[in-house]
Every structure is written in C-alpha cells, then in structure tokens.
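This report refers to the structure that appears directly beneath it.
The values are calculated or read from the model by the stated rules, or taken from the named source; none is laboratory data. Computed from a prediction, not measured in an experiment: that's the story for all the values here. Using ideal geometry, Cβ is built from the backbone for each residue, glycine included, and neighbour counts are taken over all protein chains shown.
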Amino acid sequence: MAPGLNYGQQAYEGMKAFRSPNNEITIFRPYRNAARIAHSASFVSMPPVPEELFIEAVHAAVSLNAAYVPPHETGAAMYIRPLIFGSSAQLGLNPPEEYTFCVYVMPTGVYHGVHPVKCLILEDFDRAAPDGTGSAKVGGNYAPVMRWSDKARNEGYGITLHLDSKTRTEIDEFSTSGFIGIKKEGDSITMVTPDSKNVIASVTSDSCQDIARSFGWKIEVRPIKYEELPTFKEVLAAGTAAALVPIRSITRKTRNETFSYIADDDEEAGPVCLKLLTTLKGIQAGKIKDTFGWNLKVEEVDLQKYAAGEQTNGVNGSSVDKLP
C-alpha cells in the first residue's frame, strides 16, 4: 500500500561514474543531482534527501561496487539510479510518515558513434500541465509518454519533442532529454536553451553551456518560439544516457513541416556537437583536465559501516521490517 507504488509518490535521478586512464573512479557532478532530486521531491510532497546523505549514499554504492565500473578503455560507464519514494503502508492520500531512499548501480554499455535521429513533435499529448510537475524528475512525467514514443519509433522517429502545453508555440524539451539549439554567424557560435518552468534542469545541458563559455561561445537561455526552429544550424538532445544526440530533422505533422539539420545520407554529427561531446566525455573519462571541478573522486569505504545489523542513519538493519 506504499504511496510510491499506488500514488506515484517518487522521484529519481540518473548519473554516471567513470574509470580514468590511471584507474581512478569518479562520479560526474553529483551535487547537481542532489539539488535536483530535492527539487523533484518537493513537487510530490516528500522531504528532500539531505545533500550530505545523498552524496554519501551515491559514493558508497559506487565504491562498494567498484569492480563493476567498466575498464577505461571500453568507453563504458557505471549508471547510478538514486530513488526516493513514499513507503508507509496507508490508504489515505496524504504525505506518509515513512520514505525510502536507495541507490542502484549497474554497468552500462557504450553508445558507439553519434548517429543523427529524426524527431517528431508530439501534438496529441501534453507532457506536463502549464503549472504542473514538468520541472520535476518524477515517474509521472515519463510513463505516460511511452506509448507515444513507441508509436513515433514505429514511424521512423528516434526521439519526440514537446511544445509548451498552454500555447503550443514554444519549445520545452525532448521526452528523454534537454533541447539545445545552435546558431552560427560567421565564426560566432551561439547556444540556445529553453527558459521554461516545465523543463527538467538538465545536468548535461548545463555542463555543455559551461564548456561552450570556455570556448568563447555565446549562451542564451530564453523562450524558444517554434518558428525559430529553422534558424538553427544544429539541434542537440542532451541527457545522461547518450550525452549528446544530434537531431537530423524535426517534423510537425499537423503543419506538414519538417526542418532538416543533417542530410538523410549523412551519418555524422555536426561540428559543434562533436566538439562539445569530445570535451564533455573527455572530462568525464579523465582524458581532459577537469578545470570545472565536476568530478568527485571515489574512495574506498568501510564495508562494516553498511553491513546488516549496523545502525545507519538511525535505523538498525537487524530490526527493519520485523514485528516488535
């Protein structure tokens, strides 16, 4: 009867840990994820996970499973999934007395190459209400879109894009990732990302903005009108799983419009995407110096501290789920 299962009271994160050339393991920007899960929890009436606890739990999960962080030369990583949910046994639709916070880790494969994908704008489904939970990373923002994403894939579209649900005139985000538009005027490059209260604060997009600033590029965070789509030279989807995905084209069926950014016979990403991706992945993997201070080094932890029977965070492991 847990609210997390019955009422969808949960929030989660997506992160990665990498092994460097010298065999050091680092977690990418965990403090950003700590802040984001606290934001998400507030939208579904859950207390925030204290930052210190979040970082300790993520660090411990990676450290205790260090053997499963893929070797550096594979280019793979360890995926990290922190999750918090209401876990009290109750019927009432009210904030529970108990919450469970846990962290899962698993090795994840490599995305070989950077292959452009076609995008479809979803017009028969709104991801979030104008004053809803769009900026929260909660399951309710993802489960309903599955059938629409699956339908789009069957039609040849690898990713779906949402407009704002109030006016359908502005770009919000992709179903799985953040939106980045690239403009070029001569040697000048401008990165544009949406300023919308209904998009999730993408850690990957934010990182790319910092990298772009270090290159001397311009950054604009502002509302993006639908009519602005054809003015971009490149469009990218930014997320934890694949980092950056180049968008080949964006289609809006009701207007019979398709805006193309990469030719159908071209399987390569644009130069801006490649430069951002090379730098981002280089920092994550320890090939490029982390001048931003993003990577948290993973140290060995005391296994006994987390063994059953020990008291962790005020809970004795030997008494959990046992009748008095």
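Here are the numbers for the structure shown:
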{"item": "Residue pairs meeting the criteria (Cβ under 7 Å; at least 6 apart or on separate chains; first without any contact (Cβ under 8 Å) to a residue 24 or more places away in the chain, in the stretch 18-41; second among the acidic types (Asp, Glu) and surrounded by 18 or more Cβ atoms within 10 Å (Cβ to Cβ))", "result": "none"}
{"item": "Subset of the stretch 144-157 [at negative phi and either crowded, with 21+ Cβ neighbours inside 10 Å or in a loop (DSSP other than H, G, I, E, B) (or both)]", "result": "ALA152, GLU155, TYR157"}
{"item": "Some residue of the stretch 50-71 being under 19 Å from the mean Cα position of the chain (by Cα) and under 30 Å from ALA269 (Cα atoms)", "result": "no"}
{"item": "Criterion: at pLDDT below 95 and on the phi < 0 side of the Ramachandran plot - qualifying residue of ALA263, ALA212, ALA242", "result": "ALA242"}
{"item": "Members of the stretch 192-218 that are without any contact (Cβ under 8 Å) to a residue 60 or more places away in the chain and surrounded by 15 or more Cβ atoms within 10 Å (Cβ to Cβ)", "result": "VAL192, THR193, PRO194, SER202, SER205, GLN209, TRP217"}
{"item": "Number of positions in the stretch 20-69 that are under 19 Å from THR240 (Cα atoms) and among the hydroxyl-bearing types (Ser, Thr, Tyr)", "result": "5"}
{"item": "Output for the stretch 62-103, where each listed residue is among the aromatic types (Phe, Trp, Tyr) and more than 23 Å from ALA38 (Cα to Cα)", "result": "TYR68"}
{"item": "The stretch 61-93 - residue that is in contact with a strand residue (DSSP E or B) (Cβ under 8 Å, 6 or more places away or on another chain), aliphatic (A, V, I, L, M) and outside any loop (DSSP other than H, G, I, E, B) and, of those, farthest from ILE25 (Cα to Cα)", "result": "ILE84"}
{"item": "Some residue of the stretch 110-122 being touching a helix residue (DSSP H, G or I) at 6+ places or on another chain (Cβ under 7 Å) and not in a loop (DSSP other than H, G, I, E, B)", "result": "yes"}
{"item": "Residue list for the stretch 158-196, restricted to those being part of a strand (DSSP E or B), under 20 Å from GLN209 (Cα atoms), within 16 Å of the chain's Cα centre (by Cα) and not small (Gly, Ala, Ser)", "result": "ASP172, GLU173, PHE174, PHE179, ILE180, THR193, PRO194"}
{"item": "Any chance PRO96 is part of a loop (DSSP other than H, G, I, E, B), buried (at least 20 other Cβ atoms within 10 Å of the Cβ) and not aliphatic (A, V, I, L, M)", "result": "yes"}
{"item": "Strands (runs of 3 or more DSSP E) contained entirely in the stretch 228-303, each with at least 2 residues that are surrounded by fewer than 20 Cβ atoms within 10 Å (Cβ to Cβ)", "result": "243-252, 257-260, 295-297"}
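Yes/no per residue for (1) outside the structural domain of GLY8 (by TED's automatic domain parsing); (2) within 20 Å of the chain's Cα centre (by Cα):
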site: PRO96; (1), (2): no, no
site: CYS102; (1), (2): no, yes
site: MET106; (1), (2): no, yes
site: ASP124; (1), (2): yes, no
site: ASP131; (1), (2): yes, no
site: PRO144; (1), (2): yes, yes
